[in-house]
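As structure tokens, the structure follows; a few thoughts come after it.
The values are calculated or read from the model by the stated rules, or taken from the named source; none is laboratory data. Computed from a prediction, not measured in an experiment: that's the story for all the values here. For neighbour counting, all protein chains shown are included, and Cβ atoms are generated from backbone atoms with ideal geometry for every residue, glycine included. Please note that ligands, DNA and RNA were not included when accessible areas were found on the heavy atoms of the full protein model with its side chains. Shrake-Rupley method; radii C 1.70, N 1.55, O 1.52, S 1.80 Å.
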Amino acid sequence: MNQPLQHTTVLLDEAVNALLGGGGDAAPAGCFVDGTFGRGGHSRLILQRLGAAGRLLAFDKDPAAIQEAARIEDARFSIRHQGFSQLGELPAASAAGVLLDLGVSSPQIDDPQRGFSFRFDGPLDMRMDTTRGESVAQWLATADVQQIAEVIRDYGEERFAVQIAKAIAARRQERGPISTTTELAQLVAGTVKTREPGQDPATRTFQALRIFINAELEELQQALKASLDVLQPGGRLVVISFHSLEDRIVKQFIAAHSREVFDRRAPFAEPKAMKLKALDRIKPSEAEVKGNPRSRSAIMRVAERTSA
Ligand SMILES: C[S@@+](CC[C@H](N)C(=O)[O-])C[C@H]1O[C@@H](n2cnc3c(N)ncnc32)[C@H](O)[C@@H]1O
């Protein structure tokens with residue numbers, strides 16, 4: 001591939017303003033976390049706005065993102081090749097803000113060798129971290145029909161999940177396991193009879209397998225939970241989601257910690273104080289979606305850690 005694969009950052013200004021906006025400082029001095037470095041779009045703008053005493057710690061699972069981060073020469077910046085679920089390793093109340101821009105980057109989708117897209121022929125991999133874990137092809141080679149159906153139904157909200165799982169198992173028996181994106185896309189297309197206009201029959205299956213193989217929802221849940229300990233009072237939690245399963249988790253998490261909790265068994269006890277204050281819900285402007293169609297499904301939620 002001659003052209004370097006690019007990523008257009010979604011909600012760039014909006015996310016960085018929301019993240020840094022908390023203290024009202026012109027040049028914030030705290031320690032901020034970018035849990036999803038990608039190609040560093042958000043990180044680079046954070047560094048531009050950060051004061052001399054500020055720090056930015058980034059995470060990414062993808063070795064290619066870590067390689068890209070090595071190009072940033074700035075003593076205030078560091079990166080860890082880890083899942084953002086490891087956020088809880090940071091000291092309590094040490095972070096002035098946590099940003100998560102969920103999902104995959106364009107370079108991941110657009111590189112056929114990564115196996116994320118049904119549009120390009122490549123090995124059926126889909127791991128964000130190519131240095132560990134099982135690829136989708138390896139998992140599909142041995143998983144049982146019920147497991148496959150559950151993954152495709154739960155993470156893809158696919159109504160033909162059982163039929164697709166059976167077709168995968170049948171194909172495995174007849175001709176051996178599926179090893180490429182094209183083989184899977186063709187098998188799904190032959191199984192899914194009706195589809196929403198404009199949607200490829202394989203969209204939901206590919207989404208489901210990607211979410212599963214990278215444990216995306218578990219990672220998100222762990223990171224959200226850890227953010228309550230790691231954020232200092234007034235610190236911001238900023239999360240950009242790209243599909244309803246992610247956004248539901250973020251929305252429910254913020255809602256659950258944004259109200260006083262009464263213990264029904266102790267009706268006269270003081271309620272447990274709320275730990276978050278919901279601040280905002282922002283979607284990309286029409287102009288952004290026009291310039292970057294991949295931003296169309298983005299929803300950004302912002303909350304602030306209270307002093308409770
Ligand atoms: C949408 S991209 C982020 C793009 C980035 N904000 C930018 O402007 O370049 C998501 C990135 O997060 C990484 N990622 C996704 N889930 C992760 C997780 N649980 N832990 C660490 N990195 C993750 C992916 O490897 C990918 O590089």
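Brief remarks follow.
- Segments 216-225, 101-110 sorted - mean Cβ within 10 Å per residue, highest first: 101-110, 216-225
- Annotation: amide H-H contacts under 5 Å for residue 200 (H modelled 1.01 Å from N, sequence separation of 5 or more, or interchain): none.
- Size of the chain as Cα extents on the principal axes (Å, biggest first): 62, 58, 38
- Potential extension, residue 272-residue 132 segment - 0.36 nm per residue separation minus Cα distance: 46.3 nm
- Kirkwood hydrodynamic radius over Cα pairs of the range 131-276, then Stokes diffusion coefficient at 25 °C and 0.890 mPa s, in µm²/s: 137
- The residues of the range 27-132 expose, per residue, 40 Å² of accessible area to a 1.4 Å probe.
- By the rule of a C-alpha distance below 20 Å, with chain neighbours fewer than 8 residues away ignored, the lysines paired with residue 193 are 166.
- Positive contributions from Lys and Arg (+1) and negative ones from Asp and Glu (-1), summed over other residues with Cβ under 12 Å from the Cβ of residue 149, come out at -1.
- When each of the peptides 67-76, 278-287, 248-257, 154-163 is scored by the mean number of other C-beta atoms lying within 10 Å of its residues, the order from highest to lowest reads 154-163, 248-257, 278-287, 67-76.
- Two-decimal Rg/Rh across the range 61-140, once Rg and the Kirkwood Rh are taken from alpha-carbon atoms: 1.03
- The portion of the accessible surface of the chain made up by carbon and sulfur, rounded to a whole percent, is 50 (1.4 Å probe; DNA, RNA and ligands excluded).
- Modelled this way, with points 7 Å down the Cα-to-C-beta line, the labels at residue 199 and residue 78 are 4.4 nm from one another.
- At 0.890 mPa s and 25 °C, Stokes D of the range 191-308 from Kirkwood alpha-carbon radius, µm² per second: 146
- Considering helices alone, the calculated mean residue ellipticity of the chain at 222 nm is -11500 deg cm²/dmol, with DSSP H runs of length four and up weighted by -39500 (n - 2.57) and normalised per residue.
- The chain: most fluctuating residue of 21, 40, 176 per GNM, C-alpha cutoff 10 Å: 176
- Remark: the range 216-308 carries 59 Å² of accessible area per residue (probe radius 1.4 Å; ligands, DNA and RNA excluded).
- The range 14-90: C-alpha gyration tensor shape, a/c 1.5 cut-off, then a/b vs b/c: prolate
- Too-long pairs where the Cα-Cα distance tops 30 Å, listed order kept, from 225/290; 225/283; 61/225; 251/272: 225/290
- Positive contributions from Lys and Arg (+1) and negative ones from Asp and Glu (-1), summed over other residues with Cβ under 10 Å from the Cβ of residue 247, come out at +3.
- Per-residue ³J(HN,Hα) for the range 239-246, Karplus 6.51 cos²θ - 1.76 cosθ + 1.60, θ = phi - 60°, Hz, x for Gly and Pro: 10, 9, 10, 10, 8, 5, 5, 5
- Cα shape, the range 244-308, gyration tensor, a/c 1.5 rule: prolate
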